[in-house]
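Q: My questions all concern the structure below.
Laboratory data are not the source of any read-out in this text; all were calculated from the coordinates shown. What you see is a predicted model; the values in this text were computed from it and never measured. Glycine also receives a Cβ, built like all others from the backbone with ideal geometry; neighbour counts cover every protein chain displayed.
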């Protein structure tokens, strides 16, 4: 394989995952928290594709595609929740959601 | 020469990936966050291509950077100014603790990586040109991984139903609207 080896891919994946973790823990807007979650999912996808190349098996790539489908499902439900919050005139601030009520 | 070119493309894509990732987390405007995430997903697609994940790269650009991010941008536009939340939450201690947690996670992973980098991680399997191509992926999905494929469709169906349920108007809302118009 020409170019960088798999450890380089895994290092980038680890850095991206940490950036995502920082975003989820720091930010208050539920939208940005969702975007940071996407970064974390993509970091794991990069690791999956890297390991798939390392072992020469395509299972990792299939798993990456499954993660993509789960991410799409998560965005669908997450954005639905955010829009529902906005319609009920709740503040869009994750620190203010402290009780579960219908 | 070819090796050098691959390195250059890889470094540019990886750098773009990290910079746009940081931009998603640090931008105060949700629009620039979402647009940076599109750049992040696109540069990740380049990395997938270099790791012979051709079909995954194509799906990444079409499904992720295309469909999913358009949905994000629509919702941000719909929320308008309400989407601008304060930059960070919690007390100063909590903020510092969050950054330390993320840095510690990174340190642990990188150390684990370095410990094994000279060993098993460096001898890659030889793959042929068909590895990761759409044709191979399709064959693999419809034979060996058929169960995963079908379960994925159920997950998407459940999410779609959940989205519809969340979008339905509650009785309280309908009542409030009726009172407003009366």
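Q: Sticking with the crude label model, points 7 Å out along Cα→Cβ, report the distance from residue B:61 to residue B:171 in nm, one decimal please.
A: For residue B:61 paired with residue B:171, the spin-label model returns 5.2 nm.
Q: Between region B:106-182 and region A:19-75, what's the alpha-carbon centroid distance in Å?
A: What the calculation gives is 8 Å, centre to centre.
Q: If I stretch the segment between residue B:126 and residue B:158 completely, what's the gain in nm (0.36 nm per residue apart, minus their alpha carbon distance), one decimal?
A: Using 0.36 nm per residue and subtracting the Cα-Cα distance, I get 7.6 nm.
Q: What 222 nm value per residue comes from the helices of chain B, counting each DSSP H run with n ≥ 4 as -39,500 (n - 2.57) and dividing by all residues, nearest 500 deg cm²/dmol? Mind dumping the intermediate values first?
A: Working: 8 runs with 131 residues, N = 182.
That comes out to -24000 deg cm²/dmol.
Q: Would you please calculate the Kirkwood hydrodynamic radius of the protein assembly as shown over all C-alpha pairs and express it in Å, rounded to one decimal?
A: Radius from the Kirkwood sum: 20.3 Å.
Q: Of B:77, B:130, B:172, which is the most mobile in a GNM of chain B whose springs link Cα atoms less than 10 angstrom apart?
A: Highest fluctuation among the options: B:172.
Q: For B:17, A:76, what ranking results if the residue with the fewest other Cβ atoms within 10 Å of its Cβ goes first?
A: Details: B:17 28, A:76 21.
By the 10 Å Cβ count, ascending, the order reads A:76, B:17.
Q: On alpha-carbon atoms, Rg over Rh for chain B using Kirkwood Rh?
A: Numbers: Rg = 22.3 Å, Rh = 21.0 Å.
Rg/Rh for chain B comes to 1.06.
Q: Then there's this: Would you mind checking region A:68-97 for residues with the amide N under 13 Å from a putative spin-label position 7 Å along Cα→C-beta of residue B:151?
A: Those under the cut-off are A:70.
Q: Let me ask something additional. What shape does region B:1-83 take by its C-alpha gyration tensor, where a ≥ b ≥ c are the square roots of the eigenvalues and a/c under 1.5 counts as rounded, a/b above b/c as prolate, and the rest as oblate? Provide the component values of the computation, followed by the final result.
A: Numbers: a/c = 4.87, a/b = 1.85, b/c = 2.63.
Cα axes put region B:1-83 in the oblate bin.
Q: Okay, moving on. If each residue of separation counts as 0.36 nm, what is the full-extension length gain between residue B:105 and residue B:5 once their alpha-carbon separation is subtracted?
A: Working: separation 100, 0.36 × 100 = 36.00 nm, distance 3.21 nm.
Full extension of this stretch gives 32.8 nm more.
Q: Rounded, prolate or oblate: which fits region A:6-96 when a ≥ b ≥ c are the square roots of the eigenvalues of the alpha-carbon gyration tensor, with rounded for a/c under 1.5 and prolate only if a/b beats b/c?
A: Values: a/c = 6.45, a/b = 1.98, b/c = 3.26.
Oblate, because a/c is 1.5 or more while a/b does not exceed b/c.
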